[in-house]
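See below for the structure under consideration.
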There are 2 protein chains.
Amino acid sequence: MYDHKYLLEFTTEVFMQIGCSREDAGAVAAVLIAAELRDHSSHGMIRVREYYDLWKSGRVNVTPDVKVVHQTPSTAVVDGDRCFGMVAGIRSMKLAIEKATVTGTGWVAARNSNHFGIAGYYAMKALEHDMVGICVTNANPLVVPTWSVSRYLGTNPLAVAVPALHEPPFVADFATTPIARGKLAVSEKKGEKVPFGFVQDADGNPSDDPGILRRGGGMVTLGGDRVHGSHKGYCMSAVVDIFSAVFSGANFGPFVPPSVAYLPVPEHQVGEGTGHFFGAMRIDAFRPADEFKASMDEWIRTFRGAKPRKGETRVLIPGDPEREAEERNSKAGIKLVPAVVIDLKAIAAELGLNFNEEE
Amino acid sequence: MYDHKYLLEFTTEVFMQIGCSREDAGAVAAVLIAAELRDHSSHGMIRVREYYDLWKSGRVNVTPDVKVVHQTPSTAVVDGDRCFGMVAGIRSMKLAIEKATVTGTGWVAARNSNHFGIAGYYAMKALEHDMVGICVTNANPLVVPTWSVSRYLGTNPLAVAVPALHEPPFVADFATTPIARGKLAVSEKKGEKVPFGFVQDADGNPSDDPGILRRGGGMVTLGGDRVHGSHKGYCMSAVVDIFSAVFSGANFGPFVPPSVAYLPVPEHQVGEGTGHFFGAMRIDAFRPADEFKASMDEWIRTFRGAKPRKGETRVLIPGDPEREAEERNSKAGIKLVPAVVIDLKAIAAELGLNFNEEE
């Protein structure tokens, strides 16, 4: 197990070593370690190798001039100057919060960015300001619109964080597909099939093959098929794509650059880099803050009191599993799989750093 | 077939006859007829009887004092004074647009309202102002959170409208459940089963019985079951509920009053009436309007150009089916089922009006 503080320190050093400022390196590290703590290891330390290779390939600028290129009292567009996504993400969310402080709400679209980790990290930044936080991002295309075989959408996640009074906050953070892509990779490595309703083959037929993406298949949107409402998942994913890219001037849909160096950037580009969208809403812009938060407590307690169905012991509130993981992992430490440890050691060696043995 | 202008005129007269101002009656009628034109007849003329009965039962105020009770430059809360939902809806969306005109974006939460028809109607109001429109509402509880048998959520729809330049606008308007409740009623009347993945029985077992809601069953959230991501549909539905009720001070979840008079209002109330939430975002608060709209054209053309899977002829853009229906129905007229015609004639007779025979 690795102590999360050690991983934070090591990761910060890695990104400083390749040229990031202490602040920017700290931002990248903070979001990756937050993912590990919250049991989203697919967005955690495994990405250090990917980000490092992306930098090596020249696709990330480690000394970006992140700029506000347009604004009104409640809105702004940020250009990330090809930064690591966390740098644009933290800067944009901070700006949204500042605007909300003055005008009630703040909305910031970011372009010319890269993969930014877990969307929930940014949405949760609003909580300490007694604000509701919202964050979406588009992602490289692997997902088909309903009726289609064209991989034109990313897993396009949406995060919403709402503060409560005595209860822990409500934090929804989810992809607009039935499952995360990482789960397909895990099943494939184990040689297992996946349930129908996750992927389709190159002709659009339902498939249970987790490796089908490498043979022209695609992931489906939430809902699974047309009968079960995949067109609604397509709507959500499309809204996330439009908010991330059309508001900001980033690439949308099939043109979003991959977050890994071994996949080429699409030749035709319709905007700049990857796009994100951030929102902050002061709760006292609607009701007295304590009244709003007491009402959220009542909402949370009501839903936690829902009757579990046979075989279940409790009904979860969005954010419960991640918060419980965070409490557990920050005490017990973070388990890294051997392949990730090997990657981190290799990167450390290249940069003249040291990555500790597991304790 | 009925001409939509005739239905608009008749419906306006009905609501004026029970005491609404011409403006308010026109608002109710406009939204109901818009639903008919857009082939959402479950939210159309069939509701005249429900609204009429709700008024008769004393649950709707036909001379409401709709008021802004709280505001900041970009936000407001509207109290509907137990109005028909359309009255609060149109007023709130107008206010959101006014605020967006000044500060870039406007966000209005409404409470003490009732059923307001199709969410898309309000979102689309933003389009003519070169704004993106957003609208959500909670609804009376029929839907179970994942892991539960408690009907704590409504079908809680979400609508987003985005303007384009030469292409028709993008309009997503969808419930956060696999299907609309009306489809269950239709299958039940026909004596047909429904596919698994729409409803569960009182113990939480998957069911194909469209009448199961009357025996303690519940609708499931988008995704269908936990394996296929119903917890993501639960997240979305919960976000819609919180935005509609906790922002405004309306009832949430299991406490939302039914939109039909024959179901009682829950004894315990945690807020006032039904809640909605409206947003308007000036597109030129992010990019020059023509640039934004040209980018939307490119988005729409790209997705319309996606390759259909075997057996499909085209890939739809959100809003295509409803827009095509609107063009068709405004020329050919609106078909009402016999039961609705009988209801309308009965109401007309009670109010000293006349409802024409079908032409």
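The values are calculated or read from the model by the stated rules, or taken from the named source; none is laboratory data. Predicted model only: the values in this text are computed from it and were never measured. When we count neighbours, we look across all protein chains shown, and the Cβ atoms used for this are built from the backbone with ideal geometry, even at glycine.
Based on what the data block shows, is B:Pro288 surrounded by fewer than 24 Cβ atoms within 10 Å (Cβ to Cβ), closer than 20 Å to B:Thr105 by Cβ and in the same structural domain as B:Tyr152 (by TED's automatic domain parsing)? Let's see the steps before the verdict.
On the way: surrounded by fewer than 24 Cβ atoms within 10 Å (Cβ to Cβ): yes; closer than 20 Å to B:Thr105 by Cβ: yes; in the same structural domain as B:Tyr152 (by TED's automatic domain parsing): yes.
When the stated conditions are applied, B:Pro288 passes them.
Scan segment A:102-118 and give yes if some residue there is in a helix (DSSP H, G or I) and over 30 Å from B:Arg314 (Cα atoms), otherwise no.
To start, the set of residues in segment A:102-118 that are in a helix (DSSP H, G or I) comprises A:102-103.
Checking the rest, the ones that are also over 30 Å from B:Arg314 (Cα atoms) come to A:102-103.
Checked against the condition, which is being in a helix (DSSP H, G or I) and over 30 Å from B:Arg314 (Cα atoms), segment A:102-118 yields at least one hit.
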### Task
Might you let me know whether segment B:171-184 holds any residue that is β-branched (Val, Ile, Thr) and over 24 Å from B:Ala159 (Cα atoms)?
no
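Here are some residues: B:Asp53, B:Asp65, B:Asp81, B:Asp24. Which one is at positive phi and not basic (Lys, Arg)?
Working: B:Asp53 fails: at positive phi; B:Asp65 fails: at positive phi; B:Asp24 fails: at positive phi.
Among B:Asp53, B:Asp65, B:Asp81, B:Asp24, only B:Asp81 is at positive phi and not basic (Lys, Arg).
Of the residues A:Leu153, A:Leu158, A:Leu95, which is more than 17 Å from the chain's Cα centre (by Cα), at pLDDT 95 or above and hydrophobic (A, V, I, L, M, F, W, C)?
Details: A:Leu153 fails: more than 17 Å from the chain's Cα centre (by Cα); A:Leu158 fails: more than 17 Å from the chain's Cα centre (by Cα).
After ruling out the rest, the residue left standing is A:Leu95.
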### Task
State whether the residues of segment B:127-150 include one that is more than 12 Å from chain A (Cβ to nearest Cβ), free of Cβ contacts under 8 Å to residues at least 40 places away in the same chain and not hydrophobic (A, V, I, L, M, F, W, C).
yes
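Are any residues in segment B:311-359 among the β-branched types (Val, Ile, Thr) and in contact with a Lys or Arg (Cβ under 9 Å, 6 or more places away or on another chain), and if so, which ones?
Residues of segment B:311-359 among the β-branched types (Val, Ile, Thr): B:313, B:315, B:317, B:334, B:337, B:340-342, B:347.
B:Val315, B:Ile317, B:Val340, B:Ile347, listed by residue number.
Do you know which of the residues in segment B:298-313 that are more than 7 Å from chain A (Cβ to nearest Cβ) and surrounded by fewer than 17 Cβ atoms within 10 Å (Cβ to Cβ) is modelled with the lowest pLDDT? Step through it out loud before you land on a result.
Taking segment B:298-313 first, the residues more than 7 Å from chain A (Cβ to nearest Cβ) are B:300-301, B:304-305, B:311, B:313.
Now narrow it down to the ones that are surrounded by fewer than 17 Cβ atoms within 10 Å (Cβ to Cβ): B:301, B:304-305, B:311, B:313.
Details: B:Arg301: 98, B:Arg304: 98, B:Gly305: 98, B:Gly311: 92, B:Thr313: 96.
Ranking the candidates gives B:Gly311 first.
Only one of these is surrounded by 24 or more Cβ atoms within 10 Å (Cβ to Cβ), under 21 Å from the mean Cα position of the chain (by Cα) and farther than 19 Å from B:Ser248 by Cβ: B:Ile33, B:Ile46. Name it. Step through it out loud before you land on a result.
Details: B:Ile46 fails: surrounded by 24 or more Cβ atoms within 10 Å (Cβ to Cβ).
One residue alone meets the criteria, B:Ile33.
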## Note on the structure
Of the candidates A:Val102, A:Val149, A:Val87, the one satisfying the condition of being on the phi < 0 side of the Ramachandran plot and crowded, with 24+ Cβ neighbours inside 10 Å is A:Val87
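Here's the yes/no breakdown for (1) within 12 Å of another protein chain (Cβ to nearest Cβ); (2) within 25 Å of A:Glu50 (Cα to Cα); (3) touching a residue at least 40 places away in the same chain (Cβ under 8 Å):
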{"position": "A:Asn205", "(1), (2), (3)": "yes, no, no"}
{"position": "A:Gly218", "(1), (2), (3)": "yes, yes, yes"}
{"position": "A:Gly229", "(1), (2), (3)": "yes, no, no"}
{"position": "A:Phe243", "(1), (2), (3)": "yes, no, yes"}
### Summary
Over segment A:167-194, the set of residues surrounded by fewer than 21 Cβ atoms within 10 Å (Cβ to Cβ), more than 15 Å from the chain's Cα centre (by Cα) and within 11 Å of chain B (Cβ to nearest Cβ) is A:Lys183
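Yes/no per residue for (1) more than 14 Å from chain B (Cβ to nearest Cβ); (2) aliphatic (A, V, I, L, M):
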{"site": "A:Ala30", "(1), (2)": "yes, yes"}
{"site": "A:Ile33", "(1), (2)": "yes, yes"}
{"site": "A:Glu36", "(1), (2)": "yes, no"}
{"site": "A:Arg49", "(1), (2)": "yes, no"}
{"site": "A:Arg91", "(1), (2)": "yes, no"}
{"site": "A:Ala100", "(1), (2)": "no, yes"}
{"site": "A:Thr103", "(1), (2)": "no, no"}
### Query
Quick one: in segment B:314-339, which of the residues that are modelled with pLDDT under 95 and not in a loop (DSSP other than H, G, I, E, B) is farthest from the other protein chains (Cβ to nearest Cβ)?
B:Pro338
### Task
Considering (1) part of a helix (DSSP H, G or I); (2) assigned by TED's automatic domain parsing to the domain that holds A:Gly273, say which one A:Gln71 fails and leave the rest.
(1)
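Among the residues of segment B:85-122 satisfying the criterion of being touching an Asp or Glu at 6+ places or on another chain (Cβ under 7 Å) and not polar (S, T, N, Q), which is farthest from A:Gly279 (Cα to Cα)?
In the first step, residues of segment B:85-122 are kept if they are touching an Asp or Glu at 6+ places or on another chain (Cβ under 7 Å); the result is B:87, B:106, B:111-112, B:118-120.
Then keep just the ones that are not polar (S, T, N, Q); that gives B:87, B:106, B:111, B:118-120.
Values: B:Val87: 28, B:Gly106: 13, B:Arg111: 23, B:Ile118: 25, B:Ala119: 22, B:Gly120: 22 Å.
Taking the candidates together, the pick is B:Val87.
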#### Entry: Failed condition for A:Gly275, given (1) surrounded by 15 or more Cβ atoms within 10 Å (Cβ to Cβ); (2) not assigned by TED's automatic domain parsing to the domain that holds A:Asn156
(2)
### Message
Scan segment A:66-75 and tell me whether some residue there is surrounded by fewer than 20 Cβ atoms within 10 Å (Cβ to Cβ) and within 26 Å of A:Ala325 (Cβ to Cβ).
### Response
no
### Query
Out of all the residues in segment A:266-286, which are facing chain B (nearest Cβ under 9 Å), part of a loop (DSSP other than H, G, I, E, B) and more than 13 Å from A:Ser113 (Cα to Cα)?
A:Val270, A:Phe286
